[in-house]
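Coordinate-derived values only; no laboratory data. Note that this is a predicted model, so its numbers are computed, not measured. When we count neighbours, we look across all protein chains shown, and the Cβ atoms used for this are built from the backbone with ideal geometry, even at glycine.
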Amino acid sequence: MPKPSPTSVPEVQLFTDGACSGNPGPGGWAFILRHPATGKEMEQSGGEPVTTNNRMELTAVVRGLETLKRPTRVELLTDSVYVGKGLTEWLAKWKANGWRRREGKRWAEVKNEDLWRRLDELVALHELHYTRVAGHSGHPENDRCDELAVAAYQKYRTQ
């Protein structure tokens, strides 16, 4: 079967953010998926009653990539240094070490391993390019994702 030509692979932008009230505490995630060629956009968000900010950052990326129906070129735009370093520096090492990481002189579990494994599966399906955006800096899509993520965890907050 011939390989698809580069122009036949769709290109999208995936903006993501996670938020927590306390860490751990109630958390929310959100993404905006944009197809620049058509201008179509999709927003989704959700939350959990007790979680961490890093889990919500990862969940936003996983949920966004899970919406894609076929191999796609994805520009991931996030303010999460954790997600960025995980994708560009840590993930390959964790896999090579049997999903363990070094903590001083001993091996330790990879935190949020379930989400990292799922993200690894999804990244293998797509051509992903990571772009870091500064959080809370007036970046419209990042600010919108933050707004959605915060709204998503509000129902779990106790007054």
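May I ask you to say which residue of Pro71, Pro26 is farther than 24 Å from Leu148 by Cβ and either surrounded by 16 or more Cβ atoms within 10 Å (Cβ to Cβ) or not small (Gly, Ala, Ser) (or both)? Outline the logic, then answer.
Working: Pro26 fails: farther than 24 Å from Leu148 by Cβ.
So the residue among Pro71, Pro26 that is farther than 24 Å from Leu148 by Cβ and either surrounded by 16 or more Cβ atoms within 10 Å (Cβ to Cβ) or not small (Gly, Ala, Ser) (or both) is Pro71.
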Qualifying positions in region 119-138 - in contact (Cβ under 8 Å) with a residue 60 or more places away in the chain and over 18 Å from Leu58 (Cβ atoms): Glu127
I'd like the full set of residues that are surrounded by 13 or more Cβ atoms within 10 Å (Cβ to Cβ) and either among the small types (Gly, Ala, Ser) or under 28 Å from Val110 (Cβ atoms) (or both), limited to region 33-48. Leu33, Gln44, Ser45, Gly46, Gly47, Glu48
Log entry, pairs with first residue in region 75-99 being on the phi > 0 side of the Ramachandran plot, second being not in a helix (DSSP H, G or I), beta carbons closer than 8 Å, six or more apart or on different chains, reads Trp99/Glu109; Trp99/Val110
Across region 132-159, what is the total count of residues that are part of a helix (DSSP H, G or I) and among the small types (Gly, Ala, Ser)? 3
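Go through Glu113, Glu66 for me and flag whichever is closer than 30 Å to Thr158 by Cα and acidic (Asp, Glu). Before the answer, list the steps.
Working: Glu66 fails: closer than 30 Å to Thr158 by Cα.
Being closer than 30 Å to Thr158 by Cα and acidic (Asp, Glu) holds for just one of Glu113, Glu66, which is Glu113.
Would a scan of region 95-112 turn up a residue that is aromatic (Phe, Trp, Tyr) and crowded, with 18+ Cβ neighbours inside 10 Å?
In the first step, residues of region 95-112 are kept if they are aromatic (Phe, Trp, Tyr); the result is 99, 107.
From what is left, the residues that are crowded, with 18+ Cβ neighbours inside 10 Å are none.
Checked region 95-112: no residue is aromatic (Phe, Trp, Tyr) and crowded, with 18+ Cβ neighbours inside 10 Å.
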Condition test on Leu128, is it over 14 Å from the mean Cα position of the chain (by Cα) and surrounded by 14 or more Cβ atoms within 10 Å (Cβ to Cβ)? no
